[in-house]
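Working notes for the structure below.
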Amino acid sequence: MVGTTIFTVMSALAQQHGAVNLGQGFPDFECDPVLLDAVNSAMRAGHNQYPPMAGVPALREAVAAKIESLYGARYDPGSEITVTAGATQAIFTAILACVHPGDEVIVLEPCYDSYCPNIELAGGRVVRVPLTPRTFRPDFAAIAGALSARTRAIIVNSPHNPGATVWSAEEMDRLAALLRPTEVLLISDEVYEHMVFDGQCHASASAHPELAARAFVVSSFGKTFHVTGWKIGTVAAPAALTAEFRKVHQFNVFTVNTPMQFALASYLSDPAPYLGLSAFYQRKRDLFREGLGATRLRALPSQGTYFQCVDYSAVSDLDEAGFCRWLTTDIGVAAIPLSVFYDGGFEQRIVRLCFAKRDETLRVALDRLAKI
Ligand SMILES: Cc1ncc(COP(=O)(O)O)c(C=O)c1O
């Protein structure tokens, strides 16, 4: 039995109580009209039937060129890039393609909510390794201790939801060193790759030849172009892994909607929108953090993503879910308890807020938060 996710529950509660919804991670502003026009043009041009199974070639070529220019890795658009129905489907398909009953998959907790059910649906066993509590940095000794002869894959997410940490190139080196003597595959969830702050660079698995050779690198256009409802992303992986991926993909979704693919292919010819995204969100992060400074919530570091974790221990003794419910119904701001990203609900008095919102929305939320 699979329950309703906390994101659905909190969004419904926010709506019921007229709360500012800083819970679920989606923007409350529109995407670039140029992108909308490109979809319209693609539909008018007749791109409305099934595309090739792996995706429209022009989009796969544009994605390969983007990865090469940013991370220096050359993926073959024909055999190494696949267009997916968002990152969630990409991750599930990668898991189904490589995890067999009895295989172990390491996940670093707290983690995105689909990973563990996906592994279990594939018949695999989830091996949970906590990130260091409160800093959410990887604990390499713990990861080393979790590796076994049955480990089939590890899932890494940087920039990290919900911790808002960004792995350094050195941490990617340490991961590579740990995996070197093994055949463990890497599922690298990089959906927030273009939201990295304070001059830090995103250390993509694709930029690390040793990791790239064993990695499914997952991206999401929904996150990058403010269109989370479009559910469209890509997976870059070496040809042998991509071949396995596509065996599942073709019977999973088979293809992904055609006009969006043509639109994204043309929109990617201008790198400015994705190259400017870190600065766009860094400004919002700074505005939000400055406002949080006037509240009794304590902001943890936010190095990337559009999330900000806050410690509320100076305000309340409620558990995280109880605090989020109270914050929504009595204060009018919806948040997500961090405990939901852990199996067994580890409690730290920390909740996650999303700042992918218009400045006015953030100001209304900050005014309300200043009252607690
Ligand atoms: C870490 C992480 N991975 C994957 C996804 C899903 O991306 P998509 O909407 O492209 O399926 C999300 C969305 O919140 C996310 O936070």
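Structure notes:
- Residue in segment 204-216 that is farthest from the chain's Cα centre (by Cα), counting only those that are without any contact (Cβ under 8 Å) to a residue 60 or more places away in the chain and crowded, with 24+ Cβ neighbours inside 10 Å: 215
- Residue that is least open to solvent (accessible area, probe 1.4 Å), among those in segment 331-372 that are in a loop (DSSP other than H, G, I, E, B), among the basic types (Lys, Arg) and within 14 Å of residue 287 (Cα to Cα): 357
- Within segment 99-118, the set of residues being part of a helix (DSSP H, G or I) and either in contact with a strand residue (DSSP E or B) (Cβ under 8 Å, 6 or more places away or on another chain) or among the β-branched types (Val, Ile, Thr) (or both) comprises 115, 116.
- Looking across segment 67-105, the residues that are polar (S, T, N, Q) and within 16 Å of the ligand (Cβ to nearest atom) come down to 82, 84, 88, 89, 93.
- Hits in segment 146-192 (condition: among the acidic types (Asp, Glu) and out of contact with any Pro (no Cβ under 7 Å at 6 or more places or on another chain)): 170, 173, 183, 189, 190
- Residue that is nearest to the chain's Cα centre (by Cα), among those in segment 225-247 that are buried (at least 20 other Cβ atoms within 10 Å of the Cβ) and within 13 Å of the ligand (Cβ to nearest atom): 233
- Annotation: residue 131 fulfils all but one of (1) in contact (Cβ under 8 Å) with a residue 60 or more places away in the chain; (2) crowded, with 17+ Cβ neighbours inside 10 Å; (3) more than 27 Å from residue 248 (Cβ to Cβ); the unmet one is (1).
- Residue check: residue 186 meets all listed conditions (1) free of Cβ contacts under 8 Å to residues at least 40 places away in the same chain; (2) open to solvent by less than 10 Å² (accessible area, probe 1.4 Å); (3) assigned to a helix (DSSP H, G or I) but one, namely (3).
- For residue 112, the criteria (1) more than 11 Å from the ligand (Cβ to nearest atom); (2) surrounded by fewer than 23 Cβ atoms within 10 Å (Cβ to Cβ); (3) touching a residue at least 60 places away in the same chain (Cβ under 8 Å) hold in every case but one, which is (1).
- Here residue 188 qualifies as within 12 Å of the ligand (Cβ to nearest atom) and hydroxyl-bearing (Ser, Thr, Tyr).
- Checked against (1) in a loop (DSSP other than H, G, I, E, B); (2) within 18 Å of residue 225 (Cα to Cα), residue 62 passes all but a single condition, namely (1).
- Among the residues of segment 312-324, those that are of a type outside the set (S, T, N, Q) and open to solvent by 10 Å² or more (accessible area, probe 1.4 Å) comprise 314, 315, 317, 318, 319, 321, 322.
The values are calculated or read from the model by the stated rules, or taken from the named source; none is laboratory data. Not measured: the values here are computed from a predicted model. For neighbour counting, all protein chains shown are included, and Cβ atoms are generated from backbone atoms with ideal geometry for every residue, glycine included. Accessible surface is based on the protein model in full, side chains and every heavy atom, while ligands, DNA and RNA are left aside. Shrake-Rupley method; radii C 1.70, N 1.55, O 1.52, S 1.80 Å.
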